[in-house]
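**Q** Next up is a structure, given as structure tokens.
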Amino acid sequence: EQGQLATADRFLCHLKDGTQVEAELVALGEQNDLALLQLTGYTTPYLKPGATRDLSQGQPVYAIGSPIGKADYVTSGIITKVTGNRIVTDTQILPGNSGGPLIDEQGRGVAGNTQKFTRGGSSHTDGFGLSLPIGLVLREFGALMRSKETQQDSETDL
């Protein structure tokens, strides 16, 4: 339809162990720039969610992703500010890290990395990373994720 953006609905994902699996688009976020994908025929471990209310300035966090064409990188930093709809961090959020998790020292997913905010300088080294608190992500997709878990559990029981 005219005026709508074309969106891919299938993706090839490269897992840490080198396995390649296909993923299917389940939903696009209505309020945030997010997408929910489901791996086809493959179950992966997942990060337990943390709570945004437990986050504080100065707390160490880690960004996981595949920045600037490199696979499987981790960068570290601290939380510089927590607001209702954003977590600001000095952790490097490089191109390719967006969409990946921001995790705390206990390995819990506390946010989804979205972008780098810079003013002058190099976008690779200067500025702050912006992440969406995990609560926003879960509000956006929680019902769909629970629905998919229920479907998988009932298929496993058959």
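The values are calculated or read from the model by the stated rules, or taken from the named source; none is laboratory data. Remember, it's a predicted structure, so these values are computed and weren't measured experimentally. When we count neighbours, we look across all protein chains shown, and the Cβ atoms used for this are built from the backbone with ideal geometry, even at glycine.
**Q** Only one of these is β-branched (V, I, T), modelled with pLDDT under 85 and in a loop (DSSP other than H, G, I, E, B): T91, T125. Name it. Break it down stepwise before answering.
**A** On the way: T91 fails: modelled with pLDDT under 85.
Of the residues listed, the single one that is β-branched (V, I, T), modelled with pLDDT under 85 and in a loop (DSSP other than H, G, I, E, B) is T125.
One line per residue, one yes/no per condition, for (1) surrounded by 13 or more Cβ atoms within 10 Å (Cβ to Cβ); (2) at pLDDT below 90; (3) closer than 19 Å to L34 by Cα:
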{"position": "G107", "(1), (2), (3)": "no, no, no"}
{"position": "G120", "(1), (2), (3)": "no, yes, no"}
{"position": "S131", "(1), (2), (3)": "yes, no, yes"}
{"position": "I134", "(1), (2), (3)": "yes, no, yes"}
{"position": "L138", "(1), (2), (3)": "yes, yes, yes"}
{"position": "G142", "(1), (2), (3)": "no, yes, yes"}
{"position": "T150", "(1), (2), (3)": "no, yes, no"}
{"position": "D153", "(1), (2), (3)": "no, yes, no"}
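**Q** Taking the condition modelled with pLDDT of 80 or more and within 15 Å of N97 (Cβ to Cβ), does S56 pass?
**A** no
Conditions (1) under 26 Å from M145 (Cα atoms); (2) surrounded by 13 or more Cβ atoms within 10 Å (Cβ to Cβ); (3) under 14 Å from the mean Cα position of the chain (by Cα); (4) in contact (Cβ under 8 Å) with a residue 12 or more places away in the chain, marked per residue:
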position: Q38; (1), (2), (3), (4): yes, yes, yes, yes
position: K48; (1), (2), (3), (4): yes, no, yes, yes
position: R53; (1), (2), (3), (4): yes, no, no, no
position: S66; (1), (2), (3), (4): yes, yes, yes, yes
position: G77; (1), (2), (3), (4): no, yes, no, yes
position: R86; (1), (2), (3), (4): yes, yes, yes, yes
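**Q** For the range 30-45, indicate whether the set of residues that are out of contact with any His (no Cβ under 9 Å at 6 or more places or on another chain) and under 22 Å from T80 (Cβ atoms) is non-empty.
**A** Looking for residues that are out of contact with any His (no Cβ under 9 Å at 6 or more places or on another chain) and under 22 Å from T80 (Cβ atoms), one finds at least one in the range 30-45, hence yes.
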